[in-house]
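The values are calculated or read from the model by the stated rules, or taken from the named source; none is laboratory data. Computed from a prediction, not measured in an experiment: that's the story for all the values here. With ideal geometry, Cβ positions are generated from the backbone for all residues, glycine too; neighbour counts draw on all protein chains shown.
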Amino acid sequence: MAQTKTAIVTGAARGIGAEVAKRLAADGFGVAVLDLDEAATAVTVDAIVDAGGTAIGIGANVADEESVAEAVERIATEFGAPTVLVNNAGITRDNLLFKMSVTDWDAVLGVHLRGAFLMTRATQKHMVEAKYGRIVNLSSTSALGNRGQANYSAAKAGMQGFTKTLAIELGRYGITANAIAPGFIETEMTAATAERVGASFEDFKAIAAAAIPVGRVGQPADIAHTASFLVSEGAGFVSGQVIYVAGGPKD
Ligand SMILES: NC(=O)c1ccc[n+]([C@@H]2O[C@H](COP(=O)([O-])OP(=O)(O)OC[C@H]3O[C@@H](n4cnc5c(N)ncnc54)[C@H](O)[C@@H]3O)[C@@H](O)[C@H]2O)c1
């Protein structure tokens, strides 16, 4: 029987990360479900185990060097050396530039960019040892610019440059790195945005859907499906790419 491969999905307690974790488990990976609070990962872990898969819940802050080092070490020793990493953890702290605090700038850059850097640096040694790896980073259509999101758009554009550099540096070890740039996906993140702008989530989604060529907003499963492809063995010649999963063309 083929040995189970280990995947880490960050920010996997809910939303897109939870769906990606469940999909990768269904694809046959043992999945480390990583999020800030270990207890919060139980919903995703239980869903995977109930469906016959293998998962472990890990509490860690991706923006903290020590926390990341401990988490990846624990995953490698207790669960299996990771050869797949999905950098999905994220936050928003939206505001117009003139009202944006340094704290909110640093928080967003910290989770997305520093977090992806720390997680990837800690995980790549296992991939290099295995001479095989798949890295998927969550960017966003906001990388192309979005009002009220100077911090988030800078982070998500940064994820694209980071991804391309990983592809160049790590390719020789059989490791690919790609980014998924989702458009509007129905999660608690977009629900919170609707609340912040004073709209009902239903109205907010309807307005977004009207501007999307396929006529609907995205679901976490749309992203999970793309991640499943990018981490598959057969996708080994696809690297350094940014795939917009947004119901229409973006760049
Ligand atoms: N929802 C969308 O429309 C959309 C669009 C484009 C990109 N994205 C990106 O997709 C990813 C997932 O988004 P979502 O909508 O599922 O968000 P979400 O808010 O529902 O989930 C994000 C998860 O990340 C976790 N997290 C936050 N900070 C963390 C940290 N420091 N360490 C570990 N975990 C942390 C949260 O606890 C949460 O479980 C994010 O990177 C987001 O920027 C989302």
Practice problem: Identify the residue in segment 77-108 that is touching a residue at least 60 places away in the same chain (Cβ under 8 Å) and away from the ligand (no atom under 12 Å from the Cβ) and, among all such residues, is nearest to the chain's Cα centre (by Cα). | Solution: 85
Self-check item: For residue 176: the one exception among (1) in contact with a Ser or Thr (Cβ under 8 Å, 6 or more places away or on another chain); (2) modelled with pLDDT under 95; (3) not aliphatic (A, V, I, L, M)
Solution: (2)
Exercise. Kindly provide the set of residues from segment 21-36 that are within 9 Å of the ligand (Cβ to nearest atom) and over 13 Å from residue 56 (Cα atoms), ordered by number.
Key: 36
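Looking for whichever is within 16 Å of residue 85 (Cβ to Cβ), surrounded by fewer than 20 Cβ atoms within 10 Å (Cβ to Cβ) and at pLDDT 95 or above here; the options are 171, 234. Which one fits? Write out each step before concluding.
On the way: 234 fails: within 16 Å of residue 85 (Cβ to Cβ).
After ruling out the rest, the residue left standing is 171.
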Practice problem: Could you check residue 191 against (1) without any contact (Cβ under 8 Å) to a residue 24 or more places away in the chain; (2) farther than 26 Å from residue 13 by Cα; (3) within 22 Å of the chain's Cα centre (by Cα) and say which number it fails? | Solution: (2)
